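**Student:** Once you've had a glance at the structure underneath, I'll fire off some questions.
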Amino acid sequence: MSAQVDLDEIVVKYRPVVSFKVKKSLGVRTPDWEDVVNEVITQVIEKVTKGEFRGESSIGTFIYTITSRRIIDHIRQKTKVLKGIPEPKALPDPCENAENRERARVLAEAIQQLKPKFKEVLNLYYYQELSREEVAARLGISPRRVSERINYAQKLLRKMIKP
């Protein structure tokens, strides 16, 4: 059973009702609430034109159902978009920054107390970012000897820094 419905009457009579429902659900400050209203009205007209409104309920109930579903779809779509956005990085903790600076100062003082051969190998390997082979070539020693010096220097630093 197909119901006869005046499309102009639908727009005039129900657009304010749909607008109220959408604004109330999404909030007046949501910039695209009017787009949602237009989509609902367009969808209602298309469904009525295609004969999908059979008159089993009132036209108001039919429009209300479409409006509710479109609002839910809009909210889901916005939520999905927000999930893809990474959380902003937290502001650096001033205490953590101070601790890091203090740790760096203590480490620099400890390195200054090492013998020159250990300071040099640490400088080339960590600060100049040379490979063990490059450090070995520069110092005229074997790569294995470079590894031994780095490991021994690290042990010495741990002992010096431990409270």
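The values are calculated or read from the model by the stated rules, or taken from the named source; none is laboratory data. Everything quoted here is computed from the prediction, not taken from an experiment. All Cβ positions, glycine included, derive from the backbone under ideal geometry; neighbour counts span all protein chains shown.
**Student:** Going residue by residue through the range 26-33, is there one that turns out to be in contact with a helix residue (DSSP H, G or I) (Cβ under 6 Å, 6 or more places away or on another chain) and over 18 Å from Asp6 (Cα atoms)?
**Tutor:** Yes, some residue in the range 26-33 is in contact with a helix residue (DSSP H, G or I) (Cβ under 6 Å, 6 or more places away or on another chain) and over 18 Å from Asp6 (Cα atoms).
**Student:** Return yes when Thr61 is loosely packed, with under 13 Cβ neighbours inside 10 Å, of a type in the set (Ser, Thr, Tyr) and modelled with pLDDT of 90 or more and no when it is not.
**Tutor:** It is true that Thr61 is loosely packed, with under 13 Cβ neighbours inside 10 Å, of a type in the set (Ser, Thr, Tyr) and modelled with pLDDT of 90 or more.
Condition check ((1) surrounded by 11 or more Cβ atoms within 10 Å (Cβ to Cβ); (2) of a type outside the set (Asp, Glu); (3) more than 18 Å from Ile161 (Cα to Cα); (4) without any contact (Cβ under 8 Å) to a residue 60 or more places away in the chain) across all residues:
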| site | (1), (2), (3), (4) |
| --- | --- |
| Ile45 | yes, yes, yes, yes |
| Arg54 | no, yes, yes, yes |
| Ile72 | yes, yes, yes, yes |
| Lys119 | yes, yes, no, yes |
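**Student:** Here's a follow-up. Which number in (1) basic (Lys, Arg); (2) under 41 Å from the mean Cα position of the chain (by Cα); (3) modelled with pLDDT under 90; (4) under 30 Å from Glu9 (Cβ atoms) marks the one condition that Arg54 misses?
**Tutor:** That leaves (2) as the condition not met.
**Student:** With hydrophobic (A, V, I, L, M, F, W, C) and loosely packed, with under 13 Cβ neighbours inside 10 Å as the only criterion, which of Leu26, Leu91 stands out?
**Tutor:** Within the list Leu26, Leu91, the selection yields Leu91.
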